[in-house]
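Q: Structure below; questions to follow.
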4 protein chains.
Amino acid sequence: MIIHLKNEVNSSEAAQIASEIKAFHIVYNNRNVLITGSGVKEVPVTIESKVDEFWVFPNDMQLSSKKYQSEKREVKIGKITIGGTTNNTVLIGGPCSVESEEQIRSSAELLVSMGLSTLRGGCYKPRTSPYSFQGLELEGLKLLAKMREEYGLNVITEVRDATQIDQIIEYSDVIQVGAKAMYDQGILRACAKTKKPVLIKRGFGSTLQEFVQAAEFVLSGGNENVILCERGLRTFETGTRFTLDLCGVAWLQEYTNLPIILDPSHAMGYAYGVPSLARACVAMGVDGLLIEAHPNPKVAKSDASQQLDHTEFAALLGTLRPVAASVGYKMI
Amino acid sequence: MIIHLKNEVNSSEAAQIASEIKAFHIVYNNRNVLITGSGVKEVPVTIESKVDEFWVFPNDMQLSSKKYQSEKREVKIGKITIGGTTNNTVLIGGPCSVESEEQIRSSAELLVSMGLSTLRGGCYKPRTSPYSFQGLELEGLKLLAKMREEYGLNVITEVRDATQIDQIIEYSDVIQVGAKAMYDQGILRACAKTKKPVLIKRGFGSTLQEFVQAAEFVLSGGNENVILCERGLRTFETGTRFTLDLCGVAWLQEYTNLPIILDPSHAMGYAYGVPSLARACVAMGVDGLLIEAHPNPKVAKSDASQQLDHTEFAALLGTLRPVAASVGYKMI
Amino acid sequence: MIIHLKNEVNSSEAAQIASEIKAFHIVYNNRNVLITGSGVKEVPVTIESKVDEFWVFPNDMQLSSKKYQSEKREVKIGKITIGGTTNNTVLIGGPCSVESEEQIRSSAELLVSMGLSTLRGGCYKPRTSPYSFQGLELEGLKLLAKMREEYGLNVITEVRDATQIDQIIEYSDVIQVGAKAMYDQGILRACAKTKKPVLIKRGFGSTLQEFVQAAEFVLSGGNENVILCERGLRTFETGTRFTLDLCGVAWLQEYTNLPIILDPSHAMGYAYGVPSLARACVAMGVDGLLIEAHPNPKVAKSDASQQLDHTEFAALLGTLRPVAASVGYKMI
Amino acid sequence: MIIHLKNEVNSSEAAQIASEIKAFHIVYNNRNVLITGSGVKEVPVTIESKVDEFWVFPNDMQLSSKKYQSEKREVKIGKITIGGTTNNTVLIGGPCSVESEEQIRSSAELLVSMGLSTLRGGCYKPRTSPYSFQGLELEGLKLLAKMREEYGLNVITEVRDATQIDQIIEYSDVIQVGAKAMYDQGILRACAKTKKPVLIKRGFGSTLQEFVQAAEFVLSGGNENVILCERGLRTFETGTRFTLDLCGVAWLQEYTNLPIILDPSHAMGYAYGVPSLARACVAMGVDGLLIEAHPNPKVAKSDASQQLDHTEFAALLGTLRPVAASVGYKMI
């Protein structure tokens, strides 16, 4: 249940009520909002006089639900805005991993030359083997920060586990919670305490319901700036790396109020399919794309097969613009 | 291995050679073509002098492979053509099941009014329970034939199992091999002996490799008019009915020479998501869409939840045209 | 709904009633039984006076349901019996494919020497490529019949599609409906018209509910001798060929009244794991095992990697007996 | 590659070499062992004179591989030992969540009365909704510690994310890394620095290869006490909660040297199927079972449907003993 308290209830009183009824308390759109589990179907009698409005739900998709707020939420990333009524589709590019200053600078310059705003690059890599390249870690974060400073770009980078979440919050403009960390409450609860945008990737073995509930961890903790990112399910098909779930995207668009960014690079796993898939994504009227691009994919230290080279990445944007326009969106 | 025999080898001699080396023999583009398993990597010495050209393959995707023929095959469906260099995307509409003359006539008139050419409707329904509506069977086929005659439409309908394949071949313009029948050799071998177009739906538990090999059953038997149809995989996600595999479509576009039609209705399972998904499909530059539409979905005898009503179907086409145009295709 | 008509209603009257209410009519345990879809929750008023007893169901698992008949059904296979209260676990062995008289005779002699009763061997192989070995077809069936005659063995062989179902019914003691044919109504409806036991394998992409409903096609058509066979699901795991669903077996044991045979060979795909998995299966108190064994697996024309050699097969039985005994069962 | 250095190389020299060739360095069985990625196929020339023995591998399953050490590893849990040549199958029982002192004491007394040694109970619950019961956290750990002290039981409890790993290491005898945390390097790297046994559950969307590589994170960091736990895959089947992958267990038994414990409770999701599945597990000769049991499952705060009551749990052990004996194992 979500409860809007009356305007006359001040914030500390609201916190007190929340504690009594074991609810979460947030301030959203200048209102004191309480959230209990969806099992609660009636307003507790003791607080009835304080309640302005309330919503009951069939399950724990509450703050993220169109039933609660039918308009898509707006999220600001530095100087750009996605979601809401902006009809913007942000193209986020950059390498899988930050590998060197030279490499990430090349990516940054590419984006700037294309008029794009947001640079991705992994520093803490969630590799499945201890013997693989694990990322430049803090050194990588500092390189991203340098790019931000020199080129005015937003940077987005992934948190691998809760031990580096404070660093990621400090250094990035968008905190990326990776697919393997989607259930990580240490991360999600920390993300709830900042106001920086959080992009949550759907686990490749996670249901839509669980995905949205991961967002609820952040929203119910007080950070309203959540973006969902679909990046492919693990299925029996091995011809491609994962299976991008666009049916799921249609479901998310129908039932949730959160902006959606898609990651066709990880889903496909092979560069040849990324442009075609990216066009499919854009045609759904989504709020952004995450595309891996590397100055020289052949020597990339991770995900070599799926990264576009810079020529391909630039060409891609050219083909995305008319598709976006055909559904009333604009690539930014 | 695929072998092109020299022009001087006549057809009966070719058949004789095929029999000796246990190969399939077809005539394709006025050539005698032999096909063995992909395990054969060298031309048998005894026939070397008869061979013009040959191709070896890493697996049994042979006739359908871009390695053999890089240009997309062209398939004629009545007066329209898809594939090849046509850049046509055919929109096929109609109800899940033919239920009555009134109903199917309403569908036919809708298509005609929209300038569309091809009507779908199931007569032998592959229901999973013996206690569900099983379709009008032969009576339904006759209604489809009547619509063809009266309205000049192509009709496409599904074969459920090998016992009615002869009827389906007789009555339909495109033979639809359903997802549950994809492995059915009784059907595939019968389809190989006609020249009517065959639309093979991918089994929801079938790999891309198996899917293409189902097409090889038809192609190697002498019918070159094969269309592939992706309609969703069965995954752990239950929020939608199936998971449309557009990564797989990118794979098929990269590796095969067959036209591709997508079926977002069955993948999604819910009408609300069909338009958005359909736009995603069209943006990939595919050769067609199969969309379920019913004059009154609420009373449909099968798949009630996923069928568009006629207003929605007409509106859909309006939104698909600009998307198709944005990738250089034309809705027909 | 299942309806038991009163004893005074004779069979032709029962058929008449069935036709009126659009129900299936079978004679089961010397009773006239009608079966409608599970959507019917009340006995039609017009036939109330003819009804002895009736059962309503939440879904179309009806005749196979423990709600209808709580005791496990008994099925006779030649001179042996499984299911019911027999606590027999039949070990069915033999090669993936019948390849030659010498080979299948070797298998038959092995079974006889081990005191076993039932020989398996495929004649119509549901291969996914047209270029693979497709089986000896009718010639293979005749070899199996010869083995039956000479050694007194039961034979079980697979029907690939509806075009050969009559042959299979004629030549085999148990009709095997393969995983890829589980939905094939041409096959299922034909199986319903014989009294020979039918072993239905679960499709690797099929739900338990659909699996049981395939059995309902046979049961509702009048053949009560149905055996279920779990043989592995297709999952994302590629280290093994399929994933044997023993959770599903527990579900079937809880909810259905049908005997269950397991096929660890196809699930595992590799001979090394078959004995260990077979012991797991037996410990669940199942009614039988299908194990592939070949005189010389290395040269097998299909499924070479998963077939045990004859020494391994004989050793396996030795290890299965104590496991069966530990759960109150007997290997036969 | 795994390298055994010569005995004459002391530990600090070994560490120096490891650093030079970017390898992990551990001391295992009183030897200095270096581990590089499996991409390294030849001993670096510069250290050849220091090398006693080495192994190359096709992939990053190295320390856990039977190729490196064919004997199963032995792991001590308090006073009991599993793995190695013990042929012990430990039955670990207890509730899903520690809910109160009364409840966990009841569980502890049950185990003691049955002669069992190891108590499970969750304190940090990895719930997928922020609005569900999240566990008693530190208070729960203290209750477990109290049970250990009073009843001499080993306790095993789950770490949810890296923020509480230090607490879990301090309070538990076996650190349980849950399925949702299998990829969590913050946890795995911390587990590598203790010598306490670590039970790693396989992610429900994780491949066998990734599962074993999670173990490599711990092994390569210097903790050799790793136990693998299979608990079910997420598949399309919804009749049961997950699909226990016993084919995967056969694979693990063939290729790895780690003890294996199975969790049929989470796989099945329903108490009715747990005993039958547990017998299947035991028949595979595994090293242990994790079974959820609650004094009163109906009021359990989590996983109510799958927990056995105490009578069922006691009865289960009675049926497991003969199965274990039939494969040469002993329930402890």
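Q: When the stretch A:259-268 is examined, which residues are found to be at the interface with chain B (Cβ under 10 Å from one of its Cβ atoms) and among the small types (Gly, Ala, Ser)?
A: Result: A:Ala267, single match.
Q: Residues of the stretch C:97-131 being under 21 Å from C:Ala314 (Cβ atoms) and in a loop (DSSP other than H, G, I, E, B), which ones?
A: Across the stretch C:97-131, the qualifying residues are C:Val98, C:Glu99, C:Gly115, C:Leu116, C:Ser117, C:Gly121.
Q: Can you find even one residue in the stretch C:75-96 that is touching a Leu at 6+ places or on another chain (Cβ under 8 Å), crowded, with 17+ Cβ neighbours inside 10 Å and either in a loop (DSSP other than H, G, I, E, B) or free of Cβ contacts under 8 Å to residues at least 24 places away in the same chain (or both)?
A: Checked the stretch C:75-96: no residue is touching a Leu at 6+ places or on another chain (Cβ under 8 Å), crowded, with 17+ Cβ neighbours inside 10 Å and either in a loop (DSSP other than H, G, I, E, B) or free of Cβ contacts under 8 Å to residues at least 24 places away in the same chain (or both).
Rundown of residues vs (1) of a type outside the set (Gly, Ala, Ser); (2) in contact with a Phe, Trp or Tyr (Cβ under 9 Å, 6 or more places away or on another chain), yes/no style:
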{"position": "B:Glu20", "(1), (2)": "yes, no"}
{"position": "B:Ile26", "(1), (2)": "yes, no"}
{"position": "B:Val33", "(1), (2)": "yes, yes"}
{"position": "B:Ser38", "(1), (2)": "no, yes"}
{"position": "B:Glu48", "(1), (2)": "yes, no"}
{"position": "B:Asp52", "(1), (2)": "yes, no"}
{"position": "B:Tyr68", "(1), (2)": "yes, yes"}
{"position": "B:Glu71", "(1), (2)": "yes, no"}
{"position": "B:Glu74", "(1), (2)": "yes, no"}
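Q: Here's a check for you: in the stretch C:221-234, which residue that is touching a Ser or Thr at 6+ places or on another chain (Cβ under 9 Å) and at the interface with another protein chain (Cβ under 9 Å from one of its Cβ atoms) is nearest to A:Phe204 (Cα to Cα)?
A: Once the filter is applied, the top-ranked residue is C:Arg234.
Q: Consider only pairs whose beta carbons are under 6 Å apart and that are at least six residues apart or on different chains; among these, list those whose first residue lies in the stretch B:172-183 and is within 14 Å of another protein chain (Cβ to nearest Cβ) and whose second residue is crowded, with 24+ Cβ neighbours inside 10 Å and in a helix (DSSP H, G or I).
A: B:Val177/B:Ile187; B:Ala181/B:Ile187; B:Met182/B:Ala214; B:Tyr183/C:Lys180
Q: For residues in the stretch D:41-67 being of a type in the set (Gly, Ala, Ser) and outside any loop (DSSP other than H, G, I, E, B), which is farthest from the other protein chains (Cβ to nearest Cβ)?
A: Once the filter is applied, the top-ranked residue is D:Ser49.
Q: Yes or no: A:Thr36 farther than 20 Å from A:Tyr255 by Cα and not aliphatic (A, V, I, L, M)?
A: Here the answer is no, as A:Thr36 does not meet what is asked.
Q: Give the stretch A:235-258 a look and list any residue that's in a loop (DSSP other than H, G, I, E, B), within 9 Å of chain B (Cβ to nearest Cβ) and in contact with a Ser or Thr (Cβ under 8 Å, 6 or more places away or on another chain), or say none.
A: Within the stretch A:235-258, A:Thr235, A:Phe236, A:Glu237, A:Thr238, A:Gly239, A:Phe242 qualify.
Q: For the stretch C:189-220, give me each residue that is facing chain B (nearest Cβ under 8 Å), among the hydrophobic types (A, V, I, L, M, F, W, C) and within 13 Å of the chain's Cα centre (by Cα).
A: Within the stretch C:189-220, C:Ala214 is the sole residue that qualifies.
Q: Which residue pairs have Cβ atoms under 6 Å apart, sit 6 or more places apart or on different chains, and have a first residue in the stretch A:154-170 that is more than 9 Å from chain D (Cβ to nearest Cβ) and a second that is assigned to a helix (DSSP H, G or I) and basic (Lys, Arg)?
A: A:Val155/A:Arg148
Q: Assigned by TED's automatic domain parsing to the domain that holds D:Tyr255 and in contact with a strand residue (DSSP E or B) (Cβ under 8 Å, 6 or more places away or on another chain), is that true of D:Asn87?
A: yes
Q: Inside the stretch A:207-221, can you point out the residues that are hydroxyl-bearing (Ser, Thr, Tyr) and either buried (at least 24 other Cβ atoms within 10 Å of the Cβ) or within 17 Å of A:Gly37 (Cβ to Cβ) (or both)?
A: Hit for the stretch A:207-221 is A:Ser220, nothing else.
Q: Looking only at the stretch A:108-146, count how many residues are more than 30 Å from D:Leu219 (Cα to Cα) and either under 21 Å from the mean Cα position of the chain (by Cα) or outside the structural domain of A:Met182 (by TED's automatic domain parsing) (or both).
A: 9
Results for (1) within 28 Å of D:Val282 (Cβ to Cβ); (2) touching a helix residue (DSSP H, G or I) at 6+ places or on another chain (Cβ under 8 Å); (3) modelled with pLDDT of 95 or more, shown as yes or no for each residue.
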{"site": "D:Val9", "(1), (2), (3)": "no, yes, yes"}
{"site": "D:Ala15", "(1), (2), (3)": "no, no, yes"}
{"site": "D:Glu48", "(1), (2), (3)": "no, no, yes"}
{"site": "D:Gln62", "(1), (2), (3)": "no, yes, yes"}
{"site": "D:Gln69", "(1), (2), (3)": "yes, no, yes"}
{"site": "D:Lys72", "(1), (2), (3)": "yes, no, yes"}
{"site": "D:Ile77", "(1), (2), (3)": "yes, no, yes"}
{"site": "D:Asn88", "(1), (2), (3)": "yes, no, yes"}
{"site": "D:Leu91", "(1), (2), (3)": "yes, yes, yes"}
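Q: Continuing with the same structure: Here are some residues: D:Gly285, D:Gly273. Which one is small (Gly, Ala, Ser), part of a helix (DSSP H, G or I), touching a helix residue (DSSP H, G or I) at 6+ places or on another chain (Cβ under 9 Å) and within 14 Å of chain C (Cβ to nearest Cβ)?
A: Only one candidate passes the filter, namely D:Gly273.
Q: Go through the stretch C:137-194 and tell me which helices (runs of 4 or more DSSP H), entirely inside it, have 1 or more residues that are crowded, with 18+ Cβ neighbours inside 10 Å and small (Gly, Ala, Ser).
A: C:138-151, C:185-192
Q: Can you pull out every residue in the stretch A:125-153 that is without any contact (Cβ under 8 Å) to a residue 40 or more places away in the chain and within 20 Å of D:Gln62 (Cβ to Cβ)?
A: A:Thr128, A:Ser129, A:Pro130, A:Tyr131, A:Gln134
Q: A further question follows. With the requirement that a residue be hydroxyl-bearing (Ser, Thr, Tyr) and closer than 19 Å to A:Glu216 by Cα, what does the stretch A:45-76 give you?
A: Within the stretch A:45-76, A:Ser64, A:Ser65, A:Tyr68, A:Ser70 qualify.
One line per residue, one yes/no per condition, for (1) among the aromatic types (Phe, Trp, Tyr); (2) modelled with pLDDT under 95; (3) within 21 Å of A:Gly203 (Cβ to Cβ); (4) touching a strand residue (DSSP E or B) at 6+ places or on another chain (Cβ under 7 Å):
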position: A:Pro259; (1), (2), (3), (4): no, no, yes, yes
position: A:Met268; (1), (2), (3), (4): no, no, yes, no
position: A:Gly288; (1), (2), (3), (4): no, no, yes, yes
position: A:Ile291; (1), (2), (3), (4): no, no, yes, yes
position: A:Glu312; (1), (2), (3), (4): no, no, no, no
position: A:Leu317; (1), (2), (3), (4): no, no, no, yes
position: A:Val323; (1), (2), (3), (4): no, no, no, no
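Q: C:Lys298 versus (1) assigned to a loop (DSSP other than H, G, I, E, B); (2) at pLDDT below 95: which is the lone unmet condition?
A: (1)
Q: Criterion first (more than 14 Å from chain A (Cβ to nearest Cβ) and closer than 21 Å to B:Ile227 by Cβ) does B:Ala293 satisfy it?
A: When the stated conditions are applied, B:Ala293 passes them.
Q: Could you check the stretch A:296-324 and list, in sequence order, the residues that are surrounded by 15 or more Cβ atoms within 10 Å (Cβ to Cβ) and within 14 Å of chain B (Cβ to nearest Cβ)?
A: Across the stretch A:296-324, the qualifying residues are A:Gln306, A:Leu308, A:Leu316, A:Leu317, A:Thr319, A:Leu320, A:Arg321, A:Pro322, A:Val323, A:Ala324.
Q: Pairs, please: C-beta under 8 Å, at least 6 apart or cross-chain, first residue assigned by TED's automatic domain parsing to the domain that holds D:Ala271 and in the stretch D:315-332, second modelled with pLDDT under 95 and part of a helix (DSSP H, G or I)?
A: Here the result reads none, with nothing in the stretch D:315-332 linked to a residue that is modelled with pLDDT under 95 and part of a helix (DSSP H, G or I).
Q: If you check A:Gln103 against the conditions, is it surrounded by fewer than 23 Cβ atoms within 10 Å (Cβ to Cβ) and either among the charged types (D, E, K, R) or within 14 Å of another protein chain (Cβ to nearest Cβ) (or both)?
A: Spelling it out, it is not the case that A:Gln103 is surrounded by fewer than 23 Cβ atoms within 10 Å (Cβ to Cβ) and either among the charged types (D, E, K, R) or within 14 Å of another protein chain (Cβ to nearest Cβ) (or both).
The values are calculated or read from the model by the stated rules, or taken from the named source; none is laboratory data. Bear in mind the structure is a predicted one, so any value in this text is a computation, not a measurement. No Cβ is skipped: glycine too gets one built from the backbone with ideal geometry, and neighbour counts run over all protein chains shown.
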